[in-house]
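**Q** Below are the structure tokens for one structure; questions will follow.
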Amino acid sequence: MGLPRFFAPDLDAAARIARLPPGEAQHLTRVLRLNVGDAVTVFDGRGSEWMGRVAGTSRSGATVHLGEPVDPAAEPPVRVTLAVGLLKGDQMDAVVRDATMLGATAIVPIASAHVAVPAAGRRSDVAVERWARVAAASAKQCGRAVVPVVSPVTRFEAVIAGWHLGPTIMCVEPARAAGGPGSLPGVPPTDALLLVGPEGGWAEAEIEQAMYSGARLLHLGPRTLRAETAPTVALSVLWSAWGW
């Protein structure tokens with residue numbers, strides 16, 4: 001069994017001491033009941049990780065003395081931004097959790113034409129903060145040293161207009177797609193935008209706008225997937241084509 005891992009987003013490697021955020025400190029002291037001198041690892045969410053030992057604990061927090069750097073788990077060869085139609089309830093939590101494990105670099109919840117979430121939910125900072133915590137917990141659990149950035153809910157049109165880093169892959173119904181899971185080009189780009197729709201799918205105008213911007217339309221097979229499952233399948237398809 002590996003050493004306990006802790007996420008310290010404000011870590012300053014030069015200082016050699018990492019102060020854990022409150023939730024992580026509580027996990028160290030109250031759940032795992034670690035003591036001064038116990039061995040742990042600490043990661044910063046930006047791709048770096050260190051061996052460490054608990055330096056101090058108190059009711060107000062915990063600190064870890066940093067030791068040698070640790071080679072983090074390998075990241076995928078492509079920085080994929082997952083832009084996914086906003087889902088209701090804990091479905092979005094599941095998408096963020098699994099996309100983190102599968103190597104997404106960033107996650108953008110989309111407000112599109114067929115999203116069923118009320119307008120107030122689309123503007124909720126509380127939801128975005130929760131998804132960020134879900135991403136951090138997923139990275140901690142799976143051994144990843146990178147925590148994806150979770151953006152505020154963004155309109156579909158703004159996502160399309162603002163993407164200029166690499167190809168756009170849009171998941172659509174088989175009848176509209178240019179090809180299936182095996183049709184992606186084998187040469188991986190540096191960055192890519194992956195668009196996955198909400199439960200109601202994409203509006204025709206959204207597909208047309210994506211095509212106008214140069215998006216490649218991809219289907220994920222002949223079966224109808226649940227909305228919270230489709231992003232996991234889509235990311236798996238990308239890594240099958242581009243390696244990991």
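**Q** Using modelled amide H (1.01 Å from N, peptide plane; none on Pro or chain starts), what sits under 5 Å from the amide H of Val70, excluding residues fewer than 5 places away?
**A** Glu49, Trp50, Met51
**Q** Give me the number: length gained by fully extending Asp90 to Ser213, i.e. 0.36 nm times residue separation minus the C-alpha to C-alpha distance, one decimal in nm. Display every interim value, and only then the final one.
**A** Values: separation 123, 0.36 × 123 = 44.28 nm, distance 3.17 nm.
Fully extending the segment from Asp90 to Ser213 adds 41.1 nm.
**Q** Count charges around Ser138 for me, please; just the other residues with Cβ under 11 Å from its Cβ, Lys/Arg as +1, Asp/Glu as -1.
**A** +2
**Q** Same structure again: Which of rounded, prolate, oblate describes region 63-105, given a ≥ b ≥ c as roots of the alpha-carbon gyration tensor eigenvalues and a/c under 1.5 marking rounded, otherwise prolate only if a/b is larger than b/c?
**A** It is oblate, given that a/c is not under 1.5 and a/b is not larger than b/c.
**Q** If you don't mind, there's one more thing I want to ask. If the convex hull of the alpha-carbon atoms of region 130-198 is projected onto planes in all directions, what is the mean projected area in square nanometres?
**A** That works out to 6.6 nm², a quarter of the Cα hull's surface.
**Q** Taking every pair of alpha-carbon atoms in region 5-70, give the share separated by more than 19 Å as a whole percent.
**A** Details: 385 of 2145 pairs.
It works out to 18 percent of all Cα pairs.
**Q** Next question, about the same structure. So in the chain, what percent of DSSP beta bridges are antiparallel if you round to the nearest 5?
**A** The antiparallel fraction comes to roughly 40 percent.
**Q** Next up: What is the Cα convex hull volume of the chain when expressed per residue in Å³?
**A** 138
**Q** Here's a follow-up. Quick one: order Arg5, Arg130, Arg46 by neighbouring beta-carbon count within 10 Å, fewest to most.
**A** If I rank by nearby Cβ atoms, fewest first, I get Arg46, Arg130, Arg5.
**Q** Moving on to the next point. Can you give me the C-alpha center-to-center distance between region 187-224 and region 153-178, rounded to a whole angstrom?
**A** Between the Cα centre of region 187-224 and that of region 153-178, the gap is 5 Å.
Any read-out appearing in this document is the output of simple, stated calculations on the displayed coordinates, not a laboratory observation. This one's a predicted model, so the numbers in the text were calculated from it and none came from an experiment. When we count neighbours, we look across all protein chains shown, and the Cβ atoms used for this are built from the backbone with ideal geometry, even at glycine.
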